[in-house]
Amino acid sequence: MTTRFGPRFMLGMLAAVVAAIGVFVLSGDVASALVTLVGAIIAGLVTLGVDPTPAAPAEPDIGTGPAPARLGSVLEAIVEPVLVIANGRVEEANGAARDVLGNHITGQDVRLAIRHPAAAERLTAPIGEGSSEAINLVGLGTLDQRWELRVTDLPDGRRVAHLIDQTRSYAAERMRVDFVANASHELRTPLASILGFAETLADGAGEDPAMRDRFLKVMADEARRMQRLVEDLISLSRIEAEKYRLPDASVDLADLVSEVHSEMMDSADGRAAEIVTDIAANVPPVGGDRVQLSQALHNLIGNAMKYGRAGTPVTVKLSRDASNMVRLSVGDEGDGIPPEHIPRLTERFYRVDSGRSRALGGTGLGLAIVKHIVERHRGRLDIASQVGRGTVVTILLPAALSSKGNATVTEGPKPA
Ligand code: ADP
């Protein structure tokens, strides 16, 4: 147990008792003597800085345990920037705060440490009078970083400023807003065209059979474009909704490649005849969603046929690599893609050449869909391209494990 009262306190108590006896001797009144005694004790306690209220139950004596952490080391353990401010100056700043605001901020006027009018006003307001609302800050750290500042006033007159990094959620919100704007724009264009032709037909153009047939064909093409777009948007939102549910069916990709190949041969596209498949023996199945993997393969082969040069092959290869991944690649011999575009190709509506994509019936969502499907399968997507020579898009998927923990193997070579 620690002792709360020192020798000065004992002397004070003795003086109080002596004073009380004096009052009793002089007045003969017990009540006055007791009031004098209690008053003298409280005055002694306040002067000595001891709280006269009953002490809280003592902490259990932890003997040889570690010393309590200092405020500085507690702040250092927090990954987000935190500052303690006293009298308008930075008293303590953790490493994260020094990284964002500079190493020199400890001891600095807080208005210089965080140069922002709303923050300065809040951080210098009288204690207890500032608003508890968050303040949004731009331009601290790097230019594109966004922060939310929260300030808490402490009873001892200091205040704690906490910076919360909002850069990611701001970027996600911007992507969402851009996506809605882009999708609306993509839908509005064919819609305006359909309405325009319908009005022209109603105004009498329909009386000329040749013109009417031409207009009706344009309207049908535009309606199909809208349909493709709506279908891709629905696909994207379905795949995103299932993002965290790992697909668990066993999918034989060799079978799937053959199936997609024959589906494309049955389609009216003349380029389908140029699809060449190269399927290795002993490719294990993958844990997957067959419908989604088929969609990814359709999109990749579709792109290779659209952007590959007419008369050149579209090669679909399936193999197993050394690290137990199944490798599915689709290659073409088209114009290729300049390197600066490659990192952005899986963004929704990103196109290297919008006019060409639209003319070929593209929605700008094909690779975004492939990326989401691959992510859901815990796989990897790789796009390699050489301008003037062609493009190879590869999907790597983890092989499905057998109950013994080995990758299961499909027997025998598959027909090309
Ligand atoms: P789109 O519907 O426009 O084809 P995608 O998302 O499938 O949309 O592809 C995005 C863009 O990437 C395309 O507009 C095109 O510019 C480019 N691209 C995709 N695949 C290829 C390819 N095999 N060769 C060349 N460019 C490609």
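Some points to look at:
- Ordering Val74, Leu137, Asn103 by the projection of their Cα atoms onto the charge dipole of the range 67-165, which places +1 on the Cβ of Lys and Arg and -1 on the Cβ of Asp and Glu, puts Asn103 at the extreme positive end.
- The label-point distance for Leu401 and Val138, in a model that sets each label 7 Å from Cα toward Cβ, rounds to 4.8 nm.
- About its Cα centre, the dipole of the range 169-240 is roughly 220 debye, where the only charges are +1 on Lys and Arg Cβ and -1 on Asp and Glu Cβ.
- Alpha carbon centroid spacing (whole Å) that separates the range 310-347 from the range 215-236: 27 Å
- One chain, two ends: Arg115 and Ala310. Fully extended at 0.36 nm per residue, the span grows by 64.2 nm beyond their Cα-Cα distance.
- Carbon plus sulfur fraction of accessible area for the range 169-240, probe 1.4 Å, in percent: 60 percent
- For the range 67-165, the solvent-accessible area works out to 56 Å² per residue, with a probe of 1.4 Å and every protein chain left in place.
- Modelled spin labels at Ala86 and Asp255, positioned 7 Å past Cα toward Cβ, are 7.3 nm from each other.
- Near-label residues of the range 162-180 by backbone N, under 12 Å of a point 7 Å along Cα→Cβ of Asp99: 165
- Ala220-Asp269 FRET efficiency (beta carbon distance; Förster radius 22 Å; 0.05 resolution): 0.80
The values are calculated or read from the model by the stated rules, or taken from the named source; none is laboratory data. As the structure is a prediction and not an experimental result, all values here were calculated from the model. All Cβ positions, glycine included, derive from the backbone under ideal geometry; neighbour counts span all protein chains shown. With ligands, DNA and RNA removed, areas are computed over all heavy atoms of the protein, side chains included. Shrake-Rupley method; radii C 1.70, N 1.55, O 1.52, S 1.80 Å.
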